[in-house]
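The values are calculated or read from the model by the stated rules, or taken from the named source; none is laboratory data. Bear in mind that the values here come from a model prediction, so they are computed numbers and not experimental data. Glycine gets a Cβ as well: all are built from the backbone with ideal geometry, and neighbour counts include every protein chain shown.
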């Protein structure tokens with residue numbers, strides 16, 4: 001089995017084992033959403049999921065029309081019930097992945113509403129065209145509960161930081177559960193072959209923590225007294241500076257301006 | 001078996017007599033089975049069954065003996081056995097007798113009493129799991145014997161929906177035995193129509209009962225063989241008496257598998273009240289008529305349940321293998337002839353829920369929700385909770 005295929009399959013199966021099933025949702029709003037439309041009836045069962053995922057003997061596979069993999073509800077801010085449906089073909093140099101992500105949520109009148117997205121692999125290019133969607137991308141799709149005639153289903157096609165099916169799936173998970181979910185995967189799905197390699201290739205993980213650059217000016221005309229690299233709480237820093245230099249002006253500068261200051265003037269807070 | 005009989009086995013003739021008195025109060029039982037019989041020479045009967053087992057293992061017999069003390073078991077249409085048999089000299093439990101009777105006699109439906117806690121008093125088992133490990137067809141507390149709903153319809157008051165109707169079950173079991181003749185080498189899953197995508201809905205725990213290796217290849221004969229599943233003949237090199245014995249063991253054990261393991265989850269096969277709970281449109285009228293709703297909780301033929309006949313092609317056709325009509329859920333949930341499937345976002349929901357303890361639909365706010373111990377999306381169920389009846393294990397009630 002190719003690395004991409006085995007890691008992709010194992011990751012989906014790990015998600016199945018660790019995610020709440022729609023009939024077992026603990027969140028009351030999510031339960032209400034599921035009960036409102038008997039969504040549990042469209043859930044795959046475990047042996048069905050195994051059969052409909054791509055495997056060594058069947059590299060091209062897809063879920064049946066009305067079967068979905070329900071994930072744990074998103075509970076940050078607005079409660080959402082996510083479900084996905086997969087169509088995969090690993091018999092291609094760039095594997096084909098079409099993953100529908102549908103979200104069910106309650107509006108302000110406690111009515112169930114829905115949204116739909118497609119997470120997709122590159123769609124190919126010919127000798128004549130560059131291939132407008134020849135990159136890993138996300139598009140809007142018709143929501144499951146209603147039809148919106150004016151919905152733009154082709155563009156925008158948002159690029160996603162992925163160059164293989166595993167990173168596409170990780171991107172979907174990050175979009176639902178946040179970046180910290182990657183740490184959960186690393187901690188709990190350590191047994192999945194090569195997963196660490198895929199995760200280390202995700203650039204989302206490589207952003208530095210925030211630093212702000214400020215210069216403190218006093219008097220008229222202004223005289224620079226200190227430059228600061230602020231690493232944590234910016235509000236706390238401003239209170240500290242205004243206590244130290246009454247009537248001072250705190251101005252934002254770029255990192256290169258900060259680096260160009262005299263060594264004696266460059267300070268770090270805290 | 002020519003005459004229908006109920007045989008009661010207990011170590012105490014007084015207690016056995018009290019069971020007899022209880023069931024004699026129900027007229028239909030006396031009409032169907034005559035006066036229940038007490039097994040007066042129980043130790044001899046058990047000894048004869050053990051001897052049959054021994055002789056079968058030694059290939060010493062090829063048919064049920066016609067002259068031993070176990071004949072009383074052969075002649076029982078319903079065998080009622082108390083679990084605790086402390087007053088017998090032999091160290092034996094009711095479950096051991098159930099095993100011997102199932103594997104080495106022609107007995108019919110086996111009812112074991114007081115094997116599971118809280119034992120004697122009437123209780124509702126919130127796990128809904130049944131007891132597949134038991135060789136009895138049904139395990140109940142002895143107090144439940146006197147419940148008329150256990151024997152026949154109509155039901156009133158406390159009456160768990162997962163009980164079969166005993167009077168019907170005896171004939172059904174014999175029809176299953178007849179149906180299996182000539183099919184012992186059929187694969188079990190195919191025989192019942194669990195093929196293709198249907199088979200994918202069966203959880204591993206259910207398949208494991210059939211075989212620990214290749215359930216899709218398991219035949220009835222191999223299932224019964226002691227080297228097969230471990231759920232037919234038990235113990236190393238245990239043999240059956242004859243072909244009829246293999247059939248009887250297979251019919252009873254696979255029947256229990258369907259009734260106590262496959263059906264309760266309601267996501268592989270679904271029965272009428274659980275089906276209309278999900279698809280009320282199958283009852284036809286726009287407004288839900290409570291009488292029609294409650295009429296679905298019956299063991300009658302589907303034509304009498306008031307359901308739309310469009311579901312008929314999806315009926316579980318081996319109808320004698322279950323106590324009630326059932327349908328394949330996997331096909332129904334995709335059938336666009338059903339309103340709720342065709343328009344999933346416009347459907348109405350029932351205000352009432354099905355109460356598993358009284359076989360009736362009640363307004364949801366007058367019921368109590370529990371989570372049954374089932375490997376199923378439909379483990380969330382409801383009871384009316386009748387005063388004075390024990391519901392156990394209580395931890396299964398939703399908070």
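Values as computed for the structure displayed
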item: So residue A:41, is it closer than 17 Å to residue A:145 by Cα, at the interface with chain B (Cβ under 10 Å from one of its Cβ atoms), out of contact with any helix residue (DSSP H, G or I) (no Cβ under 6 Å at 6 or more places or on another chain) and assigned to a helix (DSSP H, G or I); result: yes
item: Residue check for residue A:170: crowded, with 16+ Cβ neighbours inside 10 Å and either in the same structural domain as residue A:121 (by TED's automatic domain parsing) or touching a helix residue (DSSP H, G or I) at 6+ places or on another chain (Cβ under 6 Å) (or both); result: yes
item: Any hit, region B:183-191, residues being over 24 Å from residue B:53 (Cβ atoms) and within 14 Å of chain A (Cβ to nearest Cβ); result: yes
item: Yes/no for residue A:32 being more than 23 Å from the chain's Cα centre (by Cα), more than 11 Å from chain B (Cβ to nearest Cβ) and closer than 25 Å to residue A:105 by Cα; result: yes
item: Options A:99, A:62: the member that is closer than 18 Å to residue A:16 by Cβ, touching a residue at least 60 places away in the same chain (Cβ under 8 Å) and in the same structural domain as residue A:24 (by TED's automatic domain parsing); result: A:99
item: Region A:46-63 - residue that is exposed (fewer than 15 other Cβ atoms within 10 Å of the Cβ) and not in a strand (DSSP E or B) and, of those, farthest from the chain's Cα centre (by Cα); result: A:57
item: Meets criteria (without any contact (Cβ under 8 Å) to a residue 24 or more places away in the chain and either away from chain B (no Cβ under 12 Å) or farther than 24 Å from residue A:192 by Cβ (or both)) for residue A:24; result: no
item: Residue list for region A:44-61, restricted to those being over 19 Å from residue B:199 (Cβ atoms) and either at the interface with chain B (Cβ under 8 Å from one of its Cβ atoms) or touching a helix residue (DSSP H, G or I) at 6+ places or on another chain (Cβ under 7 Å) (or both); result: A:54, A:59
item: Residue A:210, sole failed condition from (1) in contact with a strand residue (DSSP E or B) (Cβ under 9 Å, 6 or more places away or on another chain); (2) surrounded by 14 or more Cβ atoms within 10 Å (Cβ to Cβ); (3) under 26 Å from residue A:180 (Cα atoms); (4) without any contact (Cβ under 8 Å) to a residue 40 or more places away in the chain; result: (2)
item: Residues of region B:377-391 satisfying the condition of being within 14 Å of chain A (Cβ to nearest Cβ) and buried (at least 20 other Cβ atoms within 10 Å of the Cβ); result: B:377, B:379, B:381, B:382
item: So residue A:123, is it assigned to a loop (DSSP other than H, G, I, E, B) and touching a strand residue (DSSP E or B) at 6+ places or on another chain (Cβ under 9 Å); result: yes
item: Failed condition for residue A:217, given (1) more than 26 Å from residue A:117 (Cα to Cα); (2) assigned to a helix (DSSP H, G or I); (3) in contact (Cβ under 8 Å) with a residue 12 or more places away in the chain; result: (2)
item: Residue among B:21, B:44, B:27 that alone is surrounded by 13 or more Cβ atoms within 10 Å (Cβ to Cβ), out of contact with any strand residue (DSSP E or B) (no Cβ under 7 Å at 6 or more places or on another chain) and in the same structural domain as residue B:148 (by TED's automatic domain parsing); result: B:44
item: Some residue of region A:147-158 being surrounded by fewer than 15 Cβ atoms within 10 Å (Cβ to Cβ), at pLDDT 95 or above, in the same structural domain as residue A:53 (by TED's automatic domain parsing) and in a strand (DSSP E or B); result: yes
item: Residue in region B:337-368 that is nearest to the other protein chains (Cβ to nearest Cβ), counting only those that are closer than 17 Å to residue B:162 by Cα and touching a strand residue (DSSP E or B) at 6+ places or on another chain (Cβ under 6 Å); result: B:353
item: Residue check for residue B:61: within 16 Å of the chain's Cα centre (by Cα), not in a helix (DSSP H, G or I) and not assigned by TED's automatic domain parsing to the domain that holds residue B:380; result: no
item: Failed condition for residue A:236, given (1) in contact with a strand residue (DSSP E or B) (Cβ under 7 Å, 6 or more places away or on another chain); (2) closer than 18 Å to residue A:210 by Cβ; result: (1)
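Residues checked against (1) closer than 25 Å to residue B:218 by Cβ; (2) in contact with a strand residue (DSSP E or B) (Cβ under 7 Å, 6 or more places away or on another chain):
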| position | (1), (2) |
| --- | --- |
| B:255 | yes, no |
| B:259 | yes, no |
| B:293 | no, yes |
| B:303 | no, no |
| B:306 | no, no |
| B:321 | yes, no |
| B:327 | yes, yes |
